[in-house]
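Novice: Shown below is the structure under consideration.
The values are calculated or read from the model by the stated rules, or taken from the named source; none is laboratory data. It should be emphasised that the depicted structure is a prediction, and the values quoted were computed from it without experimental measurement. Please note: Cβ atoms are built from the backbone with ideal geometry, for glycine as well, and neighbour counts cover all protein chains shown. Ligands, DNA and RNA are excluded from the accessible area calculation, which covers all protein heavy atoms including side chains. Shrake-Rupley method; radii C 1.70, N 1.55, O 1.52, S 1.80 Å.
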Amino acid sequence: LEIGDSSADGEQMEWSDSLRLDCTGCYGASLTHGPIVGATTGNESYLWVRTDASRKVAFRVSASEADVATASPIHVSYPAAVDDFTTVAPVGGLSPLQRYYYNVEVDGTLFGPYSFVTNQETGQSDAFSFAFGSCAKFDDQPIFDAIRSYHPDDFLFIGDNHYGNTDDRGSLLQNYRWAHSREGRAEMMQDTPIFATWDDHDYGPNDIGKSYILKETSREIFKKYFNVIH
């Protein structure tokens, strides 16, 4: 029977995709990863999230925590499957050394507020702090709780951000999802601006060089998951 031909009692007369209403797939929430604060200067920043499907995502930012929930969205997007449902919101017009509050609304569900502090103005010579680390291999990564307690101005991921050791695109994506969901690490990235590079274990098979056949694919996935949009 075709839907809606009225030839049977109790037949489904019409159908629509209810994904946006009640299906969250294998994740417990529509916001599966993030938010993450990306490269931040004295007057701009980037905010990253991943959703479970192509949903309406709106970002709000305010210098006042009390006002952020009612602030006008600064960026609205619909993350696409081709980007593994990741999206980045550029945030401009900020002031140096100022705390900003932000939230993320996914199909009507509000997440946050979170906050971050902008960096110095270009050329400013005041003292600043940064933390760095690499070789994040294990499920438990409590070091990020300790790092966060020092409130560094920035954090630098300097390689081996996961240990995928793979030449399979799907496995690379899954390893970034795994990395971004580690407890402590995820919370640190919500309020600490991050910068990143990638090394052999998260680039491809261990110690592989520039002839790696999936070099450009690996680079594009890295860009999707670490707010690199230029």
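Novice: Looking at the range 43-100, which of its residues are in contact with a Ser or Thr (Cβ under 9 Å, 6 or more places away or on another chain), surrounded by fewer than 17 Cβ atoms within 10 Å (Cβ to Cβ) and charged (D, E, K, R)?
Specialist: Glu44, Lys56, Glu65, Arg99
Novice: Next up: Output the number of the condition that Asp199 fails; it satisfies all remaining conditions of (1) in contact with a strand residue (DSSP E or B) (Cβ under 9 Å, 6 or more places away or on another chain); (2) in contact (Cβ under 8 Å) with a residue 60 or more places away in the chain; (3) open to solvent by 30 Å² or more (accessible area, probe 1.4 Å).
Specialist: Tallying (1) in contact with a strand residue (DSSP E or B) (Cβ under 9 Å, 6 or more places away or on another chain); (2) in contact (Cβ under 8 Å) with a residue 60 or more places away in the chain; (3) open to solvent by 30 Å² or more (accessible area, probe 1.4 Å), Asp199 fails exactly one: (1).
Novice: Looking at (1) farther than 28 Å from Val61 by Cβ; (2) part of a loop (DSSP other than H, G, I, E, B); (3) modelled with pLDDT of 90 or more; (4) among the acidic types (Asp, Glu), can you tell me which one Asp167 breaks?
Specialist: The one condition Asp167 does not meet is (3).
Novice: Let me ask another. Is it true that Gly25 is touching an Asp or Glu at 6+ places or on another chain (Cβ under 6 Å), small (Gly, Ala, Ser) and modelled with pLDDT under 80?
Specialist: Taking the combined requirement at face value, the residue satisfies it.
Novice: Now a separate question. Give me the pairs, please: first residue somewhere in the range 132-145 and basic (Lys, Arg), second residue anywhere and open to solvent by less than 90 Å² (accessible area, probe 1.4 Å), beta-carbon distance under 7 Å, and either six or more positions apart or on two chains.
Specialist: From residues that are basic (Lys, Arg), the pairs are Lys137/Tyr163.
Novice: If I filter the range 166-178 for residues that are touching a residue at least 24 places away in the same chain (Cβ under 8 Å), surrounded by 18 or more Cβ atoms within 10 Å (Cβ to Cβ) and acidic (Asp, Glu), do I get at least one hit?
Specialist: no
Novice: Same structure again: Just checking, how many residues over the range 202-216 are within 23 Å of the chain's Cα centre (by Cα) and crowded, with 16+ Cβ neighbours inside 10 Å?
Specialist: Number of matching residues: 4.
Novice: Please work out which residue is most open to solvent (accessible area, probe 1.4 Å), limiting yourself to the range 217-227 and to residues that are out of contact with any Phe, Trp or Tyr (no Cβ under 7 Å at 6 or more places or on another chain) and not polar (S, T, N, Q).
Specialist: Applying the filter and picking the extreme gives Arg219.
Novice: Please determine whether any residue of the range 113-124 is modelled with pLDDT under 95, acidic (Asp, Glu) and open to solvent by 70 Å² or more (accessible area, probe 1.4 Å).
Specialist: yes
Novice: Under the condition of being touching a helix residue (DSSP H, G or I) at 6+ places or on another chain (Cβ under 8 Å) and open to solvent by 40 Å² or more (accessible area, probe 1.4 Å), which residue from the range 183-194 is farthest from Pro142 (Cα to Cα)?
Specialist: So the residue we want is Asp191.
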